[in-house]
Amino acid sequence: MNRFFALSRTAHGVLDIAAPGFYALLWLGKFPEWQTILLSLFTAFAAYTAIYALNDLVGIAVDREKFTGGINEGYSVEASELRYPLARNVLSYQSGWIWFACWFAAAMAGSYFLNPSIVIILVAATALEVVYVMLFKVTYLRTFVSGLVKSSGPIAAIFVVDPKPSPTLLLLLLAWVFFWEIGGQNTPADWNDTVEDKRVHAKTIPLQLGTQKAGIIVLITLGITVFISAFLPKASPLQLGIPYILASIAAGFFLLLVPGYQLYKKQEGRGAAALFDKASYYPLAHLVIISIFVLLK
């Protein structure tokens, strides 16, 4: 099973589930019924497991080309001796597709029972993930597609607790995840893989624009993320106030801005991996913060 979980980057996927959980609590202002929580957790796990696996399935040819000279150490939340099992031929291509199909079917079923509208979001996210992989050698602007894919899970969580959410507030919440993904996940990940990406003439922000501009992009997008976080309470029925905003900004400062600035200053691959790691815990930090405020209300 370890090979399959490595294919789906399960350690990272479990962390990603924190973002939908945070949005559901923020929007609803209380914990949903336990049946909804259990089904939502299962559906989110299935969806992230399927889409992360799809990334490697669609990009298997390029991955094999990329890693002919070896695979880097990776990040702590993704580090595994079995990383990229398809490209390394430790898992068969057919088995990978069966794994994806089973989890995708489970995610579709769970989405339908939670809210049929979520099925549309899941299908759109899956299609966008394919587009994202196909643009690897085409344009660094694919990072915008990555932002939309990563935003789909948290946005879907809102539809679990509210069948007709405000479009304006949805855009606000989408923007928070969108900029976090670009500055804290996608760009650092590409930065960490520059040696491998050069082998296949990939089009990524660090390779196309250089590390100096990539560092500026990281700082700007993470700065926007922290700025937007101060306005997220507008989407909640709770009176969160200054204490919540300060806690939210503190999380952004330590998990995003500090490692982001260190990366910009030193421009080293290790700094990119460090930023990726810390940024991966940013949604979880917000889930913990909103949970505390919900329990204390």
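Taking the alpha carbon gyration tensor of the chain, what are the square roots of 5 times its eigenvalues, largest first, to the nearest whole Å? Walk me through the intermediate numbers first.
Details: eigenvalues 178, 119, 48 Å².
The three semi-axes for the chain are 30, 24, 15 Å.
May I ask you to sort LEU141, LEU25 by Cβ crowding, counting other Cβ atoms within 10 Å and putting the fewest first?
Working: LEU141 11, LEU25 23.
Exposure proxy ranking, most exposed first: LEU141, LEU25.
Take the Cα atoms of region 117-166, build their convex hull, and give its volume per residue in Å³.
Details: hull volume 3.0 nm³, N = 50.
Dividing the Cα hull volume of region 117-166 by its residues yields 61 Å³.
Note down the magnitude of the dipole of region 194-297 about its Cα centre, charges +1 on Lys and Arg C-beta and -1 on Asp and Glu C-beta and zero elsewhere, to the nearest 20 debye. All intermediate terms of the calculation are to be shown ahead of the outcome.
Values: 10 positive and 4 negative charges, 30 e Å.
Using only the charged Cβ atoms, the result is roughly 140 debye.
So, with +1 on the Cβ of K and R and -1 on the Cβ of D and E, and no other charges, what is the size of the charge dipole of the chain about its Cα centre, to the nearest 20 debye?
360
In Å, the Kirkwood hydrodynamic radius of region 187-245 over pairs of distinct alpha carbons? All intermediate terms of the calculation are to be shown ahead of the outcome.
Details: mean 1/r = 0.0728 Å⁻¹.
Final number for the Kirkwood radius of region 187-245 is 13.7 Å.
Using +1 at the Cβ of each Lys and Arg and -1 at the Cβ of each Asp and Glu in the chain, identify which of THR68, HIS286, VAL161 lies farthest towards the dipole's positive end.
Farthest towards the positive pole: HIS286.
Give me the one-decimal nm value for the distance between modelled label points at LYS213 and ASP162, 7 Å along each residue's Cα-to-Cβ direction.
Going from the LYS213 label point to the ASP162 one covers 3.8 nm.
Where does each of 180-186, 146-152, 167-173 land if you order them by average Cβ count within 10 Å, highest first?
Working: 180-186: 25.7, 146-152: 23.0, 167-173: 15.0.
Result, highest mean first: 180-186, 146-152, 167-173.
Over region 2-296, what relative contact order in percent results from Cα pairs under 8 Å that are six or more residues apart?
25
Among TRP99, TRP191, what is the fewest-to-most ranking by other Cβ atoms within 10 Å?
If I rank by nearby Cβ atoms, fewest first, I get TRP99, TRP191.
Please work out the C-alpha center-to-center distance from region 144-180 to region 187-219 and express it in whole Å.
Distance between centres, Cα-based: 26 Å.
Ranking ILE220, ILE158 by Cβ neighbours within 10 Å, fewest first, what do you get? It would help to have the intermediate numbers written out before the result.
Working: ILE220 14, ILE158 25.
Result, fewest neighbours first: ILE220, ILE158.
Testing the spin-label approximation: label points 7 Å from Cα along Cα→Cβ at MET134 and LYS266. State their distance in nm.
3.9
Multiplying the sequence separation of ALA109 and PHE253 by 0.36 nm and subtracting their Cα-Cα distance, what value in nm do you get? Don't skip to the answer; put the middle values down first.
On the way: separation 144, 0.36 × 144 = 51.84 nm, distance 3.86 nm.
Residue separation times 0.36 nm, minus the Cα-Cα distance, leaves 48.0 nm.
In region 173-213, if every C-alpha pair distance is counted and binned at 10 Å from zero, what percent goes to each bin?
Final binned percentages: 30, 48, 19, 3.
In whole Å, what is the distance between the alpha-carbon centres of region 223-297 and region 1-70?
Distance between centres, Cα-based: 20 Å.
Each value in this text was obtained by applying a stated rule to the coordinates, not by laboratory testing. Just so you know, these numbers come straight off a predicted model, no measurement behind them. Glycine gets a Cβ as well: all are built from the backbone with ideal geometry, and neighbour counts include every protein chain shown.
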